[in-house]
Structure formats: structure tokens, C-alpha cells
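S.K.: The structure that follows is given in the form of C-alpha cells.
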Amino acid sequence: MPDFDVLMQEWSPEMEHALRDVQFPGPEIDMHPADYTRMICAMLDIPCHKLANNKSVVESLHVLFTLFSEFRQNQHFQQN
């Protein structure tokens with residue numbers, strides 16, 4: 001899995017603009033949850049390797065939620 005410090009780096013202005021303009025697919029998409037996870041992780045540059053029993057999906061989700069938690073903590077500290 002990638003280093004969190006790398007994932008926490010600021011995105012380029014182009015990427016920020018793209019994330020504002022492009023909607024993430026919502027719950028109405030007809031897709032298996034594991035495939036949906038792979039797609040969202042790919043959009044955020046979080047790898048999701050092929051492992052037995054979708055273990056990589058669980059690991060990628062762990063990275064995604066940890067990253068989200070770190071961003072929230074940083075956002076909270078910047079506001080105070």
C-alpha cells in the first residue's frame with residue numbers, strides 16, 4: 001500500500017478542478033460493491049491489487065477511510 005504521506009500531499013490545481021467537476025458514481029450504479037470500491041480507489045490513486053477473497057478490497061478501503069480520517073483531522077486543526 002502507498003505511504004500515507006504521499007497520499008496526503010496536496011493535489012495539483014487540475015486534479016482539484018476535476019474532482020469538483022466530476023461526480024462520483026452514486027448508489028444507483030449497477031455494480032458489485034467490490035468493483036465499486038476498486039473504481040473509487042482508482043479515482044483517488046489508491047491501489048487495489050488482486051488477492052483471494054477480496055482481501056485487497058478490504059485493505060484498500062482501510063487506506064481510503066484512514067486517509068479520509070487524516071484529512072478530517074487536518075481540516076479540524078486548520079479551522080481552530
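Each reported figure results from applying straightforward, stated rules to the coordinates on display, with no laboratory input. Keep in mind it's a predicted model, so treat the numbers as computed, not measured. Glycine also receives a Cβ, built like all others from the backbone with ideal geometry; neighbour counts cover every protein chain displayed.
S.K.: Tell me, what is the percent relative contact order of segment 1-74, built from C-alpha pairs under 8 Å that lie six or more residues apart?
M.R.: Values: 34 pairs, mean separation 25.9, N = 74.
It comes to 35 percent, rounded to a whole number.
S.K.: In the neighborhood of residue 15, defined by Cβ-to-Cβ distances under 12 Å, what is the net charge if each Lys or Arg adds +1 and each Asp or Glu adds -1?
M.R.: Values: positive: 20; negative: 10, 14, 16, 21, 45.
Once all neighbours under 12 Å are counted, the net charge is -4.
S.K.: Right, another one. Rounded to the nearest 500, what is the 222 nm mean residue ellipticity of the chain from helices alone, with -39500 (n - 2.57) per DSSP H run of 4+ residues and division by all residues?
M.R.: Working: 4 runs with 49 residues, N = 80.
The helix contribution divided over the chain gives -19000 deg cm²/dmol.
S.K.: Then there's this: Please check: in the Gaussian network model of the chain (C-alpha springs, under 10 Å), which one of 45, 35, 21 has the largest mean-square fluctuation.
M.R.: 21
S.K.: Mind running the shape call on segment 16-72? Use the C-alpha gyration tensor, a ≥ b ≥ c as the square roots of the eigenvalues: rounded below 1.5 for a/c, prolate if a/b tops b/c, oblate otherwise. Provide the component values of the computation, followed by the final result.
M.R.: Numbers: a/c = 2.07, a/b = 1.24, b/c = 1.66.
In terms of gyration-tensor shape, oblate.
S.K.: Calculate, for residue 71 and residue 36, the FRET efficiency according to 1/(1 + (r/R0)^6) with r their C-beta to C-beta distance and R0 22 Å; round to the nearest 0.05. Don't jump to the answer; show the numbers that get you there.
M.R.: Numbers: r = 21 Å, r/R0 = 0.94.
My answer for the efficiency is 0.60.
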